[in-house]
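Colleague: Please read through the structure below; I'll follow up with questions.
The values are calculated or read from the model by the stated rules, or taken from the named source; none is laboratory data. Note that the structure is a prediction, hence the values are computed from the model and not measured. When we count neighbours, we look across all protein chains shown, and the Cβ atoms used for this are built from the backbone with ideal geometry, even at glycine.
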Amino acid sequence: MRAAIPCWTLIVLLLLVAASPHSVSAAAAKQMRIQASVNPTQTDLGIQVLISGRVSEPDNSSVSNAVISIQVDNPEGTSVHVAIAYTDAAGVFVDSVPLASNSPAGNYTAFLVADKPGYASTNVALPFTILSPDFSIEPTLTTLTLQQGQDRNLTLSILSLRGFNQPVTVTAIDPPPGVSLLFNPSSVTPNHGTTANVLVSSTAQVGNYTVTILAVSAGLSHKVALELNVTSGPAPAWPTIPIAVGLIIILLVVFVFVLRSRRQRGRREAALEELLKQASADSGYVATARVLARLEELRGMDKVDEGTYQRLKREYERRLEKSR
């Protein structure tokens with residue numbers, strides 16, 4: 001007959017069995033570490049913060065496919081970025097954090113946590129500081145619709161960030177054909193504005209365009225995009241004044257033509273009258289021949305019409321025959 005196992009012994013055994021898997025799991029978990037850095041860079045859109053690093057085991061062997069949880073807090077302790085990254089075969093991970101150009105100056109912190117099954121999670125906090133002066137460009141509107149031949153003004157405000165106080169020059173980059181932007185003034189100090197006159201010529205092509213406005217100062221540059229919609233201009237009205245002017249010109253041309261015709265006819269009649277007087281003064285052979293010669297001369301000078309020329313020629317040729 002077997003001896004009975006004391007109750008307390010069973011309880012201890014049960015506790016050992018229940019605890020042993022966890023003890024084995026904790027003992028089997030591998031260790032890993034994070035080596036990372038933060039690099040803030042000024043861009044035309046604001047500040048770009050590059051977070052990069054590597055996850056490895058204590059012997060420096062790479063840990064691939066680890067999940068990296070990333071959180072960035074601003075100086076007020078507000079989270080401004082949350083992301084997930086993964087390590088590659090070399091254990092390397094990269095994340096890019098865009099911060100607006102008007103982000104406050106001060107101390108920021110990037111919190112990184114690495115996790116992977118079979119490994120104990122690890123974390124690191126990376127502080128960095130943003131103090132560099134900057135500026136921003138703020139338009140009153142970013143979309144604009146204009147007809148061909150129209151123009152409109154928009155205001156661009158140049159704002160100082162973190163103590164920036166250098167003059168800022170504003171220009172347009174490669175506007176579409178037929179579209180021009182005139183800035184007044186073209187250079188402005190921070191916390192002031194400039195007016196951009198957007199002019200669409202009557203020959204500009206109808207369509208949608210993106211016009212880029214560039215602001216540059218002290219090695220910094222910022223861009224803003226203006227969406228421009230060019231539509232057809234109004235149908236041209238009938239030019240009443242030009243028509244009236246045209247009618248006057250036509251009347252003047254007709255008047256001059258009639259006047260010249262009358263003068264020319266008057267000259268013909270005078271020449272013909274002179275010829276007839278000469279013929280009536282002397283009806284001899286020589287005089288008649290002289291009249292015929294004068295008739296030919298008048299014809300060559302276009303001072304007698306063809307019908308009159310033929311009639312007089314026949315008449316004086318008959319006279320010439322009779323006078324022989």
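Colleague: With region 184-239 as the region, which strands (runs of 3 or more DSSP E) entirely inside it contain at least 2 residues that are under 17 Å from residue 139 (Cβ atoms), among the β-branched types (Val, Ile, Thr) and under 20 Å from the mean Cα position of the chain (by Cα)?
Modeller: Result: 192-200, 207-217.
Colleague: Quick check on my filter: what residues within region 126-138 are surrounded by fewer than 17 Cβ atoms within 10 Å (Cβ to Cβ) and in a strand (DSSP E or B)?
Modeller: Residues satisfying the conditions are 127, 128, 129, 138.
Colleague: In this structure, does residue 153 turn out to be assigned by TED's automatic domain parsing to the domain that holds residue 204, loosely packed, with under 14 Cβ neighbours inside 10 Å, assigned to a strand (DSSP E or B) and at pLDDT 90 or above?
Modeller: It is true that residue 153 is assigned by TED's automatic domain parsing to the domain that holds residue 204, loosely packed, with under 14 Cβ neighbours inside 10 Å, assigned to a strand (DSSP E or B) and at pLDDT 90 or above.
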